[in-house]
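The values are calculated or read from the model by the stated rules, or taken from the named source; none is laboratory data. Small disclaimer: the values here were computed from a predicted structure and weren't measured. We place every Cβ from the backbone using ideal geometry, glycine too, and count neighbours over all the protein chains shown. Surface accessibility is based on the protein's heavy atoms, side chains included, excluding ligands, DNA and RNA. Shrake-Rupley method; radii C 1.70, N 1.55, O 1.52, S 1.80 Å.
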Amino acid sequence: MLESRVSFNLKGSVPSKDSGPITSTAVDWEPPACWYEPYWKAKDFKTYTEANWSIYDSVGGAPAGVADDKARYKGGRPYKNFNVDKNDEGMWWVAVKNPKMEDDPAAGNCKRDPFWVDNGENPGVPQAIDTETLAGLAHQRTVVPPTEISMAPNGKSTVNAPTWVWLDKGAFKPVSVTASLPGTGLWATTTAKPVSLHLDPGTADAETLPASGECLINDDGSIGEPYARGKGELTPPCGVRYLRSSGDDTYGLEATLTWEITWEGAGGTGGDLPNGTFATTTEVPVQEIQSVNR
């Protein structure tokens with residue numbers, strides 16, 4: 001199967017070694033594993049295919065499948081001479097696999113032989129590439145920065161005392177990915193924006209604040225509230241309270257940022273895609289001493 005000509009352009013946060021791809025929150029959605037796209041001009045397809053036939057001939061004769069292809073593309077059943085007389089009037093469409101899903105069983109679902117489509121015509125087949133296909137591919141290639149939370153106290157938490165957690169305004173900028181198919185005018189751009197932070201303290205001997213562990217984004221783009229002197233007796237809007245010491249070990253506080261993803265594409269297309277998540281773990285030592293800096 002041929003390699004797709006879809007290209008990608010990422011804008012937003014510069015990926016680092018700790019960056020990573022988002023994970024879709026939808027269990028019933030996944031990006032396309034294969035699709036059909038316009039690939040060859042008629043003369044190019046003829047050159048490519050006849051070269052392959054020559055290879056078969058050179059090793060002792062063409063198999064029956066090649067004979068069928070010769071009848072299909074050259075002998076008029078249904079195409080005559082690869083449609084070279086229509087070289088500028090259309091394209092040969094072919095099946096391609098998503099390179100990130102080559103081992104997925106669904107990648108084998110595009111089984112049609114190359115077929116001709118006149119310029120401006122709808123291919124009229126399921127899984128023909130369109131802007132929604134490109135949006136799904138862009139979603140799959142959305143890479144976001146690590147969720148580097150701020151904490152107070154910073155260094156060691158204390159049993160039964162709240163640990164404040166927050167993300168400053170502007171800590172995370174929207175991330176956009178554009179997928180396009182050169183020469184076709186087809187493109188789609190996804191934009192991922194952070195909307196909430198979920199905390200998992202890494203132990204059952206803890207409670208999250210709020211109880212759901214879900215800290216929503218504030219109007220100014222921040223999440224939670226920074227700790228400041230005088231807030232020691234207050235309950236943070238976002239944080240955790242550890243109920244038992246970690247001893248000589250630590251608890252892995254997992255901070256998962258949820259990114260809301262929308263898309264727009266050629267021809268005024270667009271819509272929403274499943275949210276994506278990316279988690280980062282911070283090792284937190286928890287001590288017994290009942291003291292809090294204020």
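Descriptive notes on the structure:
- Hits in segment 42-53 - residues which are open to solvent by 60 Å² or more (accessible area, probe 1.4 Å) and either within 27 Å of TRP259 (Cα to Cα) or among the hydroxyl-bearing types (Ser, Thr, Tyr) (or both): THR47, TYR48
- In the set (1) farther than 30 Å from LEU234 by Cα; (2) open to solvent by 10 Å² or more (accessible area, probe 1.4 Å); (3) touching a residue at least 60 places away in the same chain (Cβ under 8 Å), ALA135 fails one condition alone, (2).
- Looking across segment 191-223, the residues that are charged (D, E, K, R) and over 18 Å from THR25 (Cβ atoms) come down to ASP205, GLU207, ASP219, ASP220.
- In the condition set (1) aromatic (Phe, Trp, Tyr); (2) free of Cβ contacts under 8 Å to residues at least 12 places away in the same chain; (3) open to solvent by less than 70 Å² (accessible area, probe 1.4 Å), TYR56 is compliant with all but (3).
- Strands (runs of 3 or more DSSP E) lying entirely in segment 180-269 (those with 3 or more residues that are out of contact with any Lys or Arg (no Cβ under 8 Å at 6 or more places or on another chain) and open to solvent by 20 Å² or more (accessible area, probe 1.4 Å)): 186-200, 251-265
For (1) basic (Lys, Arg); (2) more than 23 Å from PRO146 (Cβ to Cβ), each residue gets a yes or a no:
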site: ALA211; (1), (2): no, yes
site: LEU216; (1), (2): no, no
site: LYS231; (1), (2): yes, yes
site: VAL240; (1), (2): no, no
site: GLU254; (1), (2): no, no
site: TRP259; (1), (2): no, no
site: GLY270; (1), (2): no, yes
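- For segment 81-112, the set of residues classified as surrounded by fewer than 12 Cβ atoms within 10 Å (Cβ to Cβ) and of a type in the set (Asp, Glu) consists of ASP85, ASP88, ASP103, listed by residue number.
- Per this entry, THR281 is counted among residues that are touching a Gly at 6+ places or on another chain (Cβ under 6 Å) and within 27 Å of VAL175 (Cα to Cα).
- Meets criteria (closer than 19 Å to LYS156 by Cβ and open to solvent by 30 Å² or more (accessible area, probe 1.4 Å)) for THR282: yes
- Residue match in segment 166-177 (condition: at pLDDT 95 or above, part of a helix (DSSP H, G or I), closer than 23 Å to PRO31 by Cβ and of a type in the set (A, V, I, L, M)): no
- Neighbours by Cβ (under 9 Å, 6+ apart or cross-chain): first from segment 158-170, farther than 22 Å from GLY221 by Cβ; second open to solvent by less than 10 Å² (accessible area, probe 1.4 Å) and β-branched (Val, Ile, Thr): THR158/VAL286; VAL159/VAL286; PRO162/VAL240; THR163/VAL240; THR163/VAL284; THR163/VAL286
- For segment 1-41, residues that are open to solvent by 50 Å² or more (accessible area, probe 1.4 Å), assigned to a strand (DSSP E or B) and more than 21 Å from CYS110 (Cβ to Cβ) total 5.
- Residue ID - nearest to GLY239 (Cα to Cα), chosen from residues in segment 140-177 that are over 33 Å from the mean Cα position of the chain (by Cα) and surrounded by 23 or more Cβ atoms within 10 Å (Cβ to Cβ): PRO162
- Of all residues in segment 1-46 being touching a helix residue (DSSP H, G or I) at 6+ places or on another chain (Cβ under 7 Å) and not hydrophobic (A, V, I, L, M, F, W, C), the one that is farthest from LYS80 (Cα to Cα): PRO31
- Residues that are surrounded by fewer than 20 Cβ atoms within 10 Å (Cβ to Cβ) and β-branched (Val, Ile, Thr) within segment 113-132 comprise VAL117, VAL125, listed in sequence order.
- All positions within segment 75-84 that are on the phi < 0 side of the Ramachandran plot and free of Cβ contacts under 8 Å to residues at least 24 places away in the same chain: GLY75, ARG77, PRO78, LYS80
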